[in-house]
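Notes follow the structure.
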Amino acid sequence: MTKNKNKVINLHEPHFKGNELKYLKDCIKSTWVSTSGKYINKFENKIAKFTRVNNAIYCINGTHALQICLNVCGVSRDDEVIVPTLTFVAPINAVSYNNAKPVFMDCDDNYNIDHFKKIIEASSDITKSSINRKTIASHRVISDHLRASSFLIAEGILPSNEGRGYVLRRIMRRGMRHAHSLGSKSPVFYKLFNVLLSEMKNSYPELETGKDLIVETLRNEEEKFSSLLERGMKILDENLNKVKDNTLPGSVAFKLYDTYGFPLDLTADILRIKNIQVDNVAFEKEMEKSKALARANWKGSGDKSVEEKWFKIREELSPTEFLGYEFDKAEGVVLKISKNNKFVDSANNGDEIEIITNQTPFYGESGGQVGDQGIIFNSNCKINITDTQKKMGDLFVHIGKIKKGSIKIGQNVNLEIDVQKRNNSKANHSATHLLHESLRRTLGKHVTQKGSLVSPERLRFDFSHNKPIEKEEMLKINKIVNKIVEGSTEVQTRIMTPKEAIKMGALALFGEKYGEEVRVVFMGKESNSFFSTELCGGTHVKNTKEVGKFKVINQSSIASGVRRVEALRDKQLMEYEKSQQQDKSSKEKTTKEQLEKTKKELLNYKVEPDFDENKDLVENLKNLNKQLEKIKIQNVIKDKNKNKIQDKKIGNFTVRQQILSDFPPKELRSVIDQGKKDIKKGIVISISTFEEKVGVAIGVSNDLVSKYDAVELVKIASEILGGKGGGGRKDFAQAGGANKEKIEKAFKAITDKIS
């Protein structure tokens, strides 16, 4: 950087203004000046650390670096690599060194390439908007933002209000806004996707793999945004009178962002055609206020992240060797001990510690499966392990408490997992694989895993789907899983490359990064294939029968387009169903008792209970309660001590004042209707008392609604009776209150208003 921003530093001229000479002298002294030496090693280590990768390679020139990058990307003999027409010879050499063919892109506009031209033409057809000077920018935005959105969804990112999901939502909404500006009132993006797919699936096969999810996500997001856009545009139009000096107040822009999901750049984009800008400074102030409020309301522990310590240790130690696929117990050597977030050489009885060994049978939490529990011990100590975490991808950290003796770095120890808990975790993990495939076969191929929790006690599975699972669908899902379980087929695992696995039909988690080799799990034999094939590093049963009886017990929505199911299996399911049956029996007993009580009450009123033996108990109880309530209401209306009516003549119509004791306010509508029939022309004011509440309802006959408004009148009563407002129509309105002693005052106030 230079203080003078206008100063030009030519690429072809040397520019030495720092410690270059000092470093050069150090290199010459070391006798290494190109391929090795401390500065090269230092540079590689710092770059690797900064980018959080295992290794970085220094290259003597850019040509070699490009060749390595192309090689890493899988570019090989006869592949075609697009390069700009105006370039140096070096990039072309890099392509040639990989035996690939450079294809010169003789185009000065990105949107003139074949892919974009076809999408733009399709955009014109679907929106019924011709391509001209006024519309071309919108068509280009649509095509470019469709491509970006589809790629992101294919990588497992879904629209949300935070993080990368919010970036995706912003991209989608900007493109969708331009579709709307072209006059399109229905979703466009999902209709265009097939054009993008046909153009780019060979170069980006993930589009084909995730097409169902992509289409579903595009359609749902655009449908939701359409209604938001209309409301937001209305708010924007209503606030244009606040524009001063061609600038929209930041508070308005923030309201659009906070309430209607309008990103600032979208608002600015809409206003740009009106030659109006946004007060960005004021917007940022509103944003900071919102963040400050969120921070103030957040109750955190205040602890700082401790992950950095594991990063340092990972540079020192080799990966922990995991033996848990084959063994429940093993021997190991203590490499590191951490206590109170500090590494120590030893720990004693009662200390809570984290311990790393060279190898372990303990599974470290990952892929949704919780970490193993168990014991670590030798002749000097015993450590109860309550959890195992995987740090930096391959360091297995055992978390526990020393129950006896002491432990030191370098000591040999025995490691034994809790086999029963592991077996339950394995079975639940295998069940999630079967559940995943069952969901896909029942709900559609758009279903992909978005998260999971696999513990010894239960399993939870999150997946992409935009609506609740229907009852019949749920029955089918459970049936499919149990059929595979009952098939009692061997579960197979193989090690292969990611490409080989995906070619075989293996499901990979979108967004996950896989190494050169992956573990593939095959379950449920089906003719010449498997029911489920997934990339997975977790532990699994050896035979599907070990899963036991399976059932989804709950479903819920956890985010836009993401649902969650919870399931149980085997003994946990048996205990759950037993508990459910007990609850059912208890509720049934209570219902029967309530039924008998209600029957007796009806008989006391000399009314025959309306009971149907063919209906269930709950429905019968509901009907009997309605019958009882109706009888009570009729008795109140008939009882002149509980139903006091006073009719007054005002001009040529009648005003009825009515007080009902022990009368539910929700039933006042029928009283008002009957009162209006009785008086023909007039206003009925009915006030009821029930328990500690007061209800008021007012009815106005049709020939008086032009002069009197029931809503206005009921609000007068509500205020006096200690209620809040009220609502309804001109001919009928209702409100509530709490002050029984002010009923007469309420009548007088309304009558005075009428008079």
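Here ILE120 passes the criteria (1) among the β-branched types (Val, Ile, Thr); (2) free of Cβ contacts under 8 Å to residues at least 24 places away in the same chain; (3) outside the structural domain of SER203 (by TED's automatic domain parsing) except the one numbered (3). Selection of segment 463-479 for residues being outside any loop (DSSP other than H, G, I, E, B), in contact (Cβ under 8 Å) with a residue 12 or more places away in the chain and either closer than 17 Å to LEU568 by Cβ or in the same structural domain as GLU221 (by TED's automatic domain parsing) (or both) yields MET474, ILE477, ASN478.
Per-residue answers, yes or no, for (1) modelled with pLDDT under 90; (2) in contact with a helix residue (DSSP H, G or I) (Cβ under 9 Å, 6 or more places away or on another chain); (3) farther than 24 Å from LYS745 by Cα; (4) of a type outside the set (A, V, I, L, M):
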| position | (1), (2), (3), (4) |
| --- | --- |
| VAL618 | yes, yes, yes, no |
| LYS626 | yes, no, yes, yes |
| LEU660 | no, yes, no, no |
| ILE687 | no, yes, no, no |
| GLU691 | yes, no, no, yes |
| ALA697 | no, yes, no, no |
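Quick one: is SER488 outside any helix (DSSP H, G or I), at pLDDT 90 or above and over 30 Å from the mean Cα position of the chain (by Cα)? Yes. The set of residues in segment 240-277 that are under 25 Å from GLU222 (Cα atoms) and either of a type in the set (Ser, Thr, Tyr) or touching a strand residue (DSSP E or B) at 6+ places or on another chain (Cβ under 9 Å) (or both) comprises VAL252, ALA253, TYR257, THR259, TYR260, LEU264, THR267, ALA268, LEU271. Return only the number of the condition from (1) surrounded by fewer than 21 Cβ atoms within 10 Å (Cβ to Cβ); (2) under 15 Å from the mean Cα position of the chain (by Cα) that PRO159 does not satisfy. The one condition PRO159 does not meet is (1). For segment 622-643, indicate whether the set of residues that are in contact (Cβ under 8 Å) with a residue 60 or more places away in the chain, part of a strand (DSSP E or B) and out of contact with any His (no Cβ under 9 Å at 6 or more places or on another chain) is non-empty. Within segment 622-643 (the criterion being in contact (Cβ under 8 Å) with a residue 60 or more places away in the chain, part of a strand (DSSP E or B) and out of contact with any His (no Cβ under 9 Å at 6 or more places or on another chain)), the answer is no, since none of the residues qualifies. Out of SER129, SER160, one residue alone is in contact (Cβ under 8 Å) with a residue 24 or more places away in the chain and more than 29 Å from GLY561 (Cα to Cα). It is SER129.
Summed over segment 694-732, the residues that are surrounded by 19 or more Cβ atoms within 10 Å (Cβ to Cβ), on the phi < 0 side of the Ramachandran plot and among the small types (Gly, Ala, Ser) give a count of 8. Taking the conditions (1) out of contact with any Gly (no Cβ under 6 Å at 6 or more places or on another chain); (2) small (Gly, Ala, Ser); (3) surrounded by 12 or more Cβ atoms within 10 Å (Cβ to Cβ); (4) closer than 30 Å to GLN420 by Cα in turn, SER579 satisfies each one other than (3). Checked against (1) closer than 30 Å to LYS753 by Cβ; (2) crowded, with 16+ Cβ neighbours inside 10 Å; (3) modelled with pLDDT of 85 or more, GLN674 passes all but a single condition, namely (2). Entry remark, segment 86-106: residues being under 30 Å from ILE131 (Cα atoms) and either surrounded by 13 or more Cβ atoms within 10 Å (Cβ to Cβ) or modelled with pLDDT of 90 or more (or both) number 1 in total. Of the residues that make up segment 493-507, is at least one touching a Pro at 6+ places or on another chain (Cβ under 9 Å), outside the structural domain of ARG164 (by TED's automatic domain parsing) and surrounded by 13 or more Cβ atoms within 10 Å (Cβ to Cβ)? Looking for residues that are touching a Pro at 6+ places or on another chain (Cβ under 9 Å), outside the structural domain of ARG164 (by TED's automatic domain parsing) and surrounded by 13 or more Cβ atoms within 10 Å (Cβ to Cβ), one finds at least one in segment 493-507, hence yes.
Candidates SER425, SER452, SER406, SER438: the one that is assigned to a strand (DSSP E or B) and crowded, with 21+ Cβ neighbours inside 10 Å is SER452. Answer yes or no: is there a residue in segment 389-396 that is basic (Lys, Arg), part of a helix (DSSP H, G or I) and either buried (at least 22 other Cβ atoms within 10 Å of the Cβ) or touching a residue at least 24 places away in the same chain (Cβ under 8 Å) (or both). Checking segment 389-396: not a single residue is basic (Lys, Arg), part of a helix (DSSP H, G or I) and either buried (at least 22 other Cβ atoms within 10 Å of the Cβ) or touching a residue at least 24 places away in the same chain (Cβ under 8 Å) (or both).
The values are calculated or read from the model by the stated rules, or taken from the named source; none is laboratory data. Please read these numbers as outputs of a predicted model, since none were measured by experiment. Positions of Cβ are backbone-derived with ideal geometry, glycine not excepted, and every protein chain shown enters the neighbour counts.
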